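Asker: Have a look at the structure that comes next, please.
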Amino acid sequence: MNKRDTEPAGALVSLFMDLARIASPTGNEREIMDHLTTRLRGLGLEVEESAPLEDRPSAAGNIFCRLKANAPGTAIMFSAHVDTVASQEGALPQPVLENGTIRSGSPAVLGADDKVAVAAMVYTLEQVIKKQVRHAGLELLLTVGEESGLRGAKALPSGQIKASCGFCMDGTGPVGRIVTRSPSQKTVRAVFRGKAAHAGVEPERGRNAIAAAARAVAEMKLGRIDADTTANIGIIRGGEAVNVVPGRCQIEGEARSHDDEKLESQVAAMLDAISFAAAAASVDVELAAVDEFRGFNIGPGHPAYDLALLALEDIGLEPVPVSSGGGSDVNIFNLMGIPSVNLSAGMENVHTPDEYIAVESLNQCHRLLMEIIRKAARQ
Ligand SMILES: [Zn+2]
């Protein structure tokens, strides 16, 4: 193990605990962003905040700051999201440290996803400044709205990031995992419009929108389509009363694939099933297929991948490239032309009250980030 960065865990742990105590469910990131802005300004950094995603006092925008290079090499970006999934009404986060593990001591989610990365990145930046570590340019982007469709990352002003590659730290499981591959995703929506009628008196005059939607779903191949592709219908809404032939029914689903051609053909098959079922039931249908995010595939030869791999090896952790089925801010950065990988932050059971992070994982996150910075600077 690299001994250079063996820091006392205390400062990083307290930073994480401080952040975890500030509730920041999506759309309510004002307080945590103010806290972080004050901390970063205290380091002498200029902090830019972009426009909030919502027009209300508890909302905030992404914050961004840059450290000017003091060495040649590859300029890099670190990014993490500050928003968390919502907790049970009224539950306030109370992080508890016990036996080397930090958990939530209340019904609120801990918010390790993604405050572990926020804490590790801010702490690492502080250490770089205090110890005058050589680096080739370092940008920090903390996003809002990740949990509600990557909205903060999508609102990133073009040209803000100058770095040639990026590192998010929003993966689950042991530190060492590198998400190098993620699928593209499309959402499919359909509204069937039939004709309402009294179900007992004159059903002949009705055209049943629920029956049409049900037939459409039955005609679709769903679940795991092949090694690269999955599909799901997750929402069906329609009907008002048992004695009314329903005139309206809406379905919503998604398809994901690591192969864009396979994604297109799966979505086309779902839309065909919808059109076929609507025509067969003589109901009208409105259809939409919307791009949610684009996939990426970052392997050997990409600076983000190579730097992460070398840094992991140097701190004594085994690099484990993994393929993800989900989307994160990384998908957006890659789409914007900032080749980025998603590193695991060591958090477990995310999005549940049982979420936890081991202090050792938190320290590993810091050591990994510090080593990436060192590797990106040419000696
Ligand atoms: Zn996350």
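Asker: Here are 178, 161: which of them is within 16 Å of the ligand (Cβ to nearest atom), outside any helix (DSSP H, G or I) and either surrounded by fewer than 23 Cβ atoms within 10 Å (Cβ to Cβ) or polar (S, T, N, Q) (or both)? Steps first, answer last, please.
Answerer: Values: 161 fails: within 16 Å of the ligand (Cβ to nearest atom).
Step by step, each of 178, 161 is checked, and only 178 is within 16 Å of the ligand (Cβ to nearest atom), outside any helix (DSSP H, G or I) and either surrounded by fewer than 23 Cβ atoms within 10 Å (Cβ to Cβ) or polar (S, T, N, Q) (or both).
Asker: Please pick out the residue among 357, 338 that is touching a residue at least 60 places away in the same chain (Cβ under 8 Å) and more than 30 Å from residue 105 (Cβ to Cβ). Steps first, answer last, please.
Answerer: On the way: 357 fails: more than 30 Å from residue 105 (Cβ to Cβ).
Checking each option against the conditions leaves just 338.
Asker: Out of 223, 239, which single residue is in contact (Cβ under 8 Å) with a residue 24 or more places away in the chain and in contact with a strand residue (DSSP E or B) (Cβ under 8 Å, 6 or more places away or on another chain)?
Answerer: Details: 223 fails: in contact (Cβ under 8 Å) with a residue 24 or more places away in the chain.
The conditions single out 239.
Asker: Pairs under 9 Å by beta carbon, first residue without any contact (Cβ under 8 Å) to a residue 24 or more places away in the chain in segment 123-143, partner surrounded by fewer than 20 Cβ atoms within 10 Å (Cβ to Cβ) and not in a helix (DSSP H, G or I), six or more apart or different chains?
Answerer: Once the first residue is without any contact (Cβ under 8 Å) to a residue 24 or more places away in the chain and sits in segment 123-143, its partners that are surrounded by fewer than 20 Cβ atoms within 10 Å (Cβ to Cβ) and not in a helix (DSSP H, G or I) give 130/43.
Asker: Can I ask one more? Which one is modelled with the lowest pLDDT among residues in segment 60-88 that are outside any loop (DSSP other than H, G, I, E, B) and either within 16 Å of the ligand (Cβ to nearest atom) or surrounded by 24 or more Cβ atoms within 10 Å (Cβ to Cβ) (or both)?
Answerer: Here the residue is 84.
Asker: For residue 204, are the conditions met, namely being under 28 Å from the mean Cα position of the chain (by Cα) and surrounded by fewer than 20 Cβ atoms within 10 Å (Cβ to Cβ)? So that I can check it myself, show each step before the final result.
Answerer: Values: under 28 Å from the mean Cα position of the chain (by Cα): no; surrounded by fewer than 20 Cβ atoms within 10 Å (Cβ to Cβ): yes.
No; evaluated as a whole, the condition is false for this residue.
Asker: With respect to residue 328, determine if the residue is within 13 Å of the ligand (Cβ to nearest atom) and crowded, with 20+ Cβ neighbours inside 10 Å.
Answerer: Numbers: within 13 Å of the ligand (Cβ to nearest atom): yes; crowded, with 20+ Cβ neighbours inside 10 Å: yes.
The answer is yes for residue 328.
Asker: Could you give me the residue pairs with C-beta distances under 6 Å whose first residue belongs to segment 145-165 and is within 20 Å of residue 32 (Cβ to Cβ), whose second residue is among the polar types (S, T, N, Q) and away from the ligand (no atom under 13 Å from the Cβ) wherever it lies, and which are 6+ apart or on separate chains?
Answerer: What qualifies is 152/62.
Asker: Just the residues that are surrounded by 24 or more Cβ atoms within 10 Å (Cβ to Cβ) and out of contact with any Asp or Glu (no Cβ under 9 Å at 6 or more places or on another chain), please, taken from segment 106-115. Steps first, please.
Answerer: Of the residues in segment 106-115, the ones surrounded by 24 or more Cβ atoms within 10 Å (Cβ to Cβ) are 109-115.
115 - this is the single residue of segment 106-115 that is surrounded by 24 or more Cβ atoms within 10 Å (Cβ to Cβ) and out of contact with any Asp or Glu (no Cβ under 9 Å at 6 or more places or on another chain).
Asker: Go through 206, 194, 239, 234 for me and flag whichever is on the phi > 0 side of the Ramachandran plot and not polar (S, T, N, Q).
Answerer: Details: 206 fails: on the phi > 0 side of the Ramachandran plot; 194 fails: on the phi > 0 side of the Ramachandran plot; 234 fails: on the phi > 0 side of the Ramachandran plot.
Every option except 239 fails the conditions.
Asker: Within segment 125-141, does at least one residue satisfy the condition of being within 16 Å of the ligand (Cβ to nearest atom) and either within 17 Å of residue 30 (Cα to Cα) or at pLDDT 95 or above (or both)? Quick ask: steps written out before the conclusion?
Answerer: Start the filter on segment 125-141 by keeping residues that are within 16 Å of the ligand (Cβ to nearest atom), which leaves 141.
In the following step, the residues that additionally are either within 17 Å of residue 30 (Cα to Cα) or at pLDDT 95 or above (or both) were identified as 141.
The answer is yes, given that some residue of segment 125-141 is within 16 Å of the ligand (Cβ to nearest atom) and either within 17 Å of residue 30 (Cα to Cα) or at pLDDT 95 or above (or both).
Asker: Evaluate the following for residue 76: is it closer than 27 Å to residue 165 by Cα, in contact with a helix residue (DSSP H, G or I) (Cβ under 9 Å, 6 or more places away or on another chain) and touching a residue at least 60 places away in the same chain (Cβ under 8 Å)? Steps first, please.
Answerer: Working: closer than 27 Å to residue 165 by Cα: yes; in contact with a helix residue (DSSP H, G or I) (Cβ under 9 Å, 6 or more places away or on another chain): yes; touching a residue at least 60 places away in the same chain (Cβ under 8 Å): yes.
Judged against the criteria, residue 76 is a match.
Asker: Then there's this: Among the residues of segment 14-24, is any without any contact (Cβ under 8 Å) to a residue 24 or more places away in the chain and among the charged types (D, E, K, R)?
Answerer: First, pick out the residues of segment 14-24 that are without any contact (Cβ under 8 Å) to a residue 24 or more places away in the chain: 14, 18.
From what's left, among the charged types (D, E, K, R): 18.
Yes, the conditions are met somewhere in segment 14-24.
Asker: Here is a further query. Do we have residue 12 as in a helix (DSSP H, G or I), under 22 Å from the mean Cα position of the chain (by Cα) and hydrophobic (A, V, I, L, M, F, W, C) here?
Answerer: Values: in a helix (DSSP H, G or I): yes; under 22 Å from the mean Cα position of the chain (by Cα): no; hydrophobic (A, V, I, L, M, F, W, C): yes.
Taking the combined requirement at face value, the residue does not satisfy it.
Asker: Here's another thing I want to ask about it. Which one of 320, 267, 242 is at pLDDT 95 or above and buried (at least 18 other Cβ atoms within 10 Å of the Cβ)?
Answerer: So the residue among 320, 267, 242 that is at pLDDT 95 or above and buried (at least 18 other Cβ atoms within 10 Å of the Cβ) is 267.
Asker: In addition: The conditions are (1) of a type outside the set (Val, Ile, Thr); (2) over 19 Å from residue 374 (Cα atoms); (3) within 16 Å of the ligand (Cβ to nearest atom), and residue 106 fails exactly one of them. Which is it?
Answerer: Among (1) of a type outside the set (Val, Ile, Thr); (2) over 19 Å from residue 374 (Cα atoms); (3) within 16 Å of the ligand (Cβ to nearest atom), residue 106 violates only (3).
Asker: Further question: Considering only residues that are within 24 Å of residue 85 (Cα to Cα) and among the aliphatic types (A, V, I, L, M), which ones fall in segment 329-375?
Answerer: 330, 332, 341, 343, 345, 347, 350, 357, 358, 359, 362
Asker: Does residue 294 meet the test of being charged (D, E, K, R), surrounded by fewer than 20 Cβ atoms within 10 Å (Cβ to Cβ) and farther than 29 Å from residue 205 by Cβ?
Answerer: Against the criterion (charged (D, E, K, R), surrounded by fewer than 20 Cβ atoms within 10 Å (Cβ to Cβ) and farther than 29 Å from residue 205 by Cβ), residue 294 qualifies.
The values are calculated or read from the model by the stated rules, or taken from the named source; none is laboratory data. Remember, it's a predicted structure, so these values are computed and weren't measured experimentally. Neighbour counts are summed over all protein chains in view; Cβ atoms, including those assigned to glycine, are modelled from backbone coordinates with ideal geometry.
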